[in-house]
Amino acid sequence: MSDYYDPADLRKFGKITDWSEDLGKKFFDYYGSVFQEGALTAREKSLIALAVSHVVKCPYCIDAYTKDGLQRGITKEEMMEAVHAGAAIEAGASLVHGVQMMKKYDKLSM
């Protein structure tokens, strides 16, 4: 069996418009606008996208933004630091939900 996530599928992403042309076009217009230079540079946005790609666990995005980052001169150290920043936020978000468990535990064990 081949890998579930086939790297070749990333090149087919544009085909999502085949099944919903209007929504697909709107998405790609929006996506293109987001990654244009603005208050943040395209390089900064690439690092953010790489970190988020790891948090949402998208192998296609990880591949795409690793390549994009290399093309923008982002170092492996910068990439890994961005991944750690994303991981820290994800871990914190999971742990802060522990407060919900603590509140529920206290309420049920009274």
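The values are calculated or read from the model by the stated rules, or taken from the named source; none is laboratory data. Note that the coordinates shown come from a computational prediction; the quantities given were computed from them, not determined experimentally. Positions of Cβ are backbone-derived with ideal geometry, glycine not excepted, and every protein chain shown enters the neighbour counts. SASA here: full protein model, heavy atoms, side chains in, ligands and nucleic acids out. Shrake-Rupley method; radii C 1.70, N 1.55, O 1.52, S 1.80 Å.
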Count the net charge of all other residues whose Cβ sits under 14 Å from the Cβ of Ala87, scoring Lys and Arg as +1 and Asp and Glu as -1.
-> -1
Report the full-extension gain for the segment Thr66 to Tyr31: residue separation times 0.36 nm, less the Cα-Cα distance, to one decimal in nm.
-> 10.8 nm
What list of ³J(HN,Hα) values in whole Hz, one per residue of segment 28-41 in order, does the Karplus curve 6.51 cos²θ - 1.76 cosθ + 1.60 (θ = phi - 60°) give from phi, with Gly and Pro shown as x?
-> 5, 5, 4, 4, x, 5, 4, 8, 6, 4, x, 4, 9, 6
With every protein chain kept in place and a 1.4 Å probe, the chain has an accessible area per residue in Å² of 80 Å²
Here P(r) for segment 42-100, Cα-Cα distances in 5 Å bins, as whole percents, is 4, 21, 28, 21, 11, 7, 5, 2, 0
Would you work out what percent of the accessible area of the chain, with all protein chains in place, is carbon or sulfur (probe 1.4 Å)?
-> 64 percent
What percent do you get for the relative contact order of segment 18-110 when only Cα pairs under 8 Å and 6+ apart count?
-> 25 percent
Once every Cα of the chain carries one equal point scatterer and solvent is ignored, give the base-10 log of I(q)/I(0) from the Debye formula at q = 0.12 Å⁻¹, two decimals.
-> -0.60
GNM on the chain, Cα springs under 10 Å; top mean-square fluctuation among Gln71, Gln36, Gln100 goes to Gln100
Charge tally in the Cβ shell below 14 Å around Lys12, where Lys, Arg are +1 and Asp, Glu are -1, Lys12 excluded | -2
